[in-house]
Amino acid sequence: MPEEVGQGSPPATPLGPSLAWHAFCRWWHLCIPTGILLASALAAGVWWGFEPTYVAEAWLRIETANPFIFFTEGRAAAATADRFERTQVELICSPVVLDRVLEQPEIASLPEVLTMVSPVSTLESKLSVESENESDLFRVRFESPVARNAQLIANAVVKQYLGVQDDEEAERTRRIVELIEAEVRKRSEELHDLRSTVQSLQDEIGIDIAVPPNELRDGLRSGSPLAELMRQLTSSQVEREVLVARLTAYQETLANPPEPAAGRVDDMVDQVVEESVEFQQLEQDLADKWRLLRETIRFASLGDKDPKAVRIQTDIRDLQRQKEELRSQLEARMTPSLQARMARQRRNELAAEIAQMQINIEIHETVEAYLKQKIEAHRNGEGSDRSDAQSTRLQYARSDLARAEEVFQRLLERVDMLKTESRAPSRITVLRPAELPLAPEEAIPLKAMSAAGLGGLALPFLLALLWEFRIQRVTTGSQISHHPGLPLLAEVPTLPCRPWPTIARSSNRFESQRARFQDSVHYLCRSLLLSEGASDLQVLAVTSAVSGEGKTTLASQLAASCALYCQERVLLIDGDMRNPRIGELLDTPESPGLADLLGGSNGAAADSVIIKEHLGLLDILPAGKLDRHPHAVLRAGKLEKLLEELRRCYRYIIIDTPPVAGVGEALTICRSVDATLLCVRQDWSRQAQVQMAYERLLAIGARTIGVVLSGVSYKRYASAYGFYAAPGAK
């Protein structure tokens, strides 16, 4: 039962090194000059559009720990220091600093800044802050097409950043000192009351000697359990008071938050406006009108005075007015909401910090309550063993006074520390301001030109690779031998051409190549004639899917090989009556021939048109001259009658047919013969076309005995099959 059409589709060649190599070998002669021209054009375009960029650098030192004058308390830990450095880098590039930079008249008046649509975003894109080998040294770099602008803006950014940093630190320290000093004053009054209590108890007992505060604090620091509890309570109270001071400062800021920076709000408004659908549509309409105006002025005889150009100019002014009106409307509608959103975001940040401080304060209060209970329990336990209640009360009063003295002293020390360390050197130091760059960062864009050149050089090869992947050419015999009904019978090299002028070396190479070609055809001949089932094989058609696949050369050489092998008469018929090639290949006349025998009305005999013994026992029947359509010539039964007549005279008949995919008479010839041989050319035939030709032959009932892969390189053929020179061959 014949196999169904469409089965056994050829596997696609994967997109890999093998396909890339075949694409290169096939297209290099076209891709290399095209790639060179394209690479040169792209590199020249990059060089033409290149704008030199000047980079100004300022060097900063951002220390990981706070510099100190005397007090080392409160220096940042490693994790906090790392976060501080990252925060400073983000602060330098933030709108908080860049807004201040743009407020300076000498910066705002620069032509480069005036042309910026979004100044803050543009400055941020050109500004970079980099750590030097992960050290405390940082480079603040700003790039600009103008050297002077790069220097001005880089130094302005550093100056405003230092101002923001100093103002923030100074204000925070000042407010915390004020709040702690207020607490100190309140604690001073409490100390006065406690001293009065201690003095009253001493008067009642009759003790006149007052204990100095230092001795009281020394007693508090003793190693007794009560002293340890008192020390923990004192430390917790001091930390809580500092937290309360910070909390108050943050709550005041939350109650009266600063207005968002005007420049930052304007930038956000501009961004939202430009991203709106209505604004983008107006921009597109305006760009189309400008393009139409330029084309109209270019081709109009009156230039911009042409009536059509005048109408377009009026439309442009109307669109510009609509654009400004839309911008004003969107800004008026969006500015309040954006301001409110930014203010709400700032309030949320402050509220989160306040909530965290409140939690810490509550933790301290809980700890203090627990410590007080422990202290009270300890006192009650000691008091139960004492008979003198007044002495016990005096001892407890002295302990409370000692703890209050300790808290008071620590608060004073904290105030002194903050005031002293506020005069310490800043953590940020300008090591070197930005200097005027003398040369651009890159005088010639070698990297960009190289990338463009490589891209231009690779683009033709990439297109060739994609094209080869799309059309799927036959590159190896395994791609066509996948079908069980279509075996690969042989591989045949290309028919060599005799060199001119003739020299010894080229002649030897020609003779070697011709010998290999003949050996490959002889191998195919013997494979056919000695194969099982070849006894009934007398008429063989050689066809292909499309033209240019080497079927004519294969048919003529196969016929000559059959005559040489069997030593009987063999007939070669040129069945491609539309485009006969046998006569040109074997140097024989093309007419009269097959067309005259099949379509003539004068009853010409076959012997009168057959060229006898052209090559030994090989006879040739040319294609003849068509005087009507080939379908009319190959009308029903005439070809079969002619072949039946010729069978009696020849041992083998080889017919060169037209391509199967090109014309329909190829199918008529292939159906009338004993077997069909399909010729496929390496690196030329497409897998889909070969499959289609086989399916058409299968559909009409033609017997396809196999495939011959032609066009194989001599080097590959020699490496695969070897070469044995015939006697007398050079």
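The values are calculated or read from the model by the stated rules, or taken from the named source; none is laboratory data. As the structure is a computational prediction, the values presented were derived from the model and not from experiment. Note that each Cβ is placed from the backbone with ideal geometry, even for glycine, and that neighbours are counted across all protein chains shown.
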Requested in this report: Determine whether Glu331 is exposed (fewer than 13 other Cβ atoms within 10 Å of the Cβ), charged (D, E, K, R) and either in the same structural domain as Phe279 (by TED's automatic domain parsing) or in contact with a Lys or Arg (Cβ under 6 Å, 6 or more places away or on another chain) (or both).
Outcome: no
Report summary line: Flagged in the range 397-440 as modelled with pLDDT of 80 or more and either touching a His at 6+ places or on another chain (Cβ under 7 Å) or of a type in the set (D, E, K, R) (or both), in numbering order, are Arg432, Glu435
Query raised in the report: Taking Arg473 and the conditions (1) touching a Lys or Arg at 6+ places or on another chain (Cβ under 8 Å); (2) modelled with pLDDT under 75, which numbered condition does it fall short on, given that it satisfies the others?
Result: (2)
Requested in this report: Please tell me if Arg344 is assigned to a helix (DSSP H, G or I), under 30 Å from Leu254 (Cβ atoms) and at pLDDT 75 or above.
Outcome: yes
Query - Residue that is nearest to Arg141 (Cα to Cα), among those in the range 48-74 that are exposed (fewer than 14 other Cβ atoms within 10 Å of the Cβ) and at pLDDT below 85 - result: Glu51
Report summary line: Counting only residues in the range 536-549 that are over 55 Å from the mean Cα position of the chain (by Cα) and assigned to a loop (DSSP other than H, G, I, E, B), the one farthest from Gly599 (Cα to Cα) is identified as Asp536
**Report entry** Verdict on Ala559 being under 28 Å from Met692 (Cα atoms) and touching a residue at least 24 places away in the same chain (Cβ under 8 Å)
**Finding:** yes
Report task. Examine the range 262-280 for a residue that is more than 30 Å from Thr122 (Cα to Cα) and at pLDDT 60 or above, and state whether such a residue exists. Result -> no
**Report entry** Matching residues, the range 645-670, being free of Cβ contacts under 8 Å to residues at least 40 places away in the same chain and either part of a helix (DSSP H, G or I) or within 17 Å of Met692 (Cα to Cα) (or both)
**Finding:** Glu645, Gly664, Leu667, Thr668
Report summary line: Of the residues in the range 111-147, those that are within 29 Å of the chain's Cα centre (by Cα), among the hydrophobic types (A, V, I, L, M, F, W, C) and assigned to a loop (DSSP other than H, G, I, E, B) come to Met116, Val117
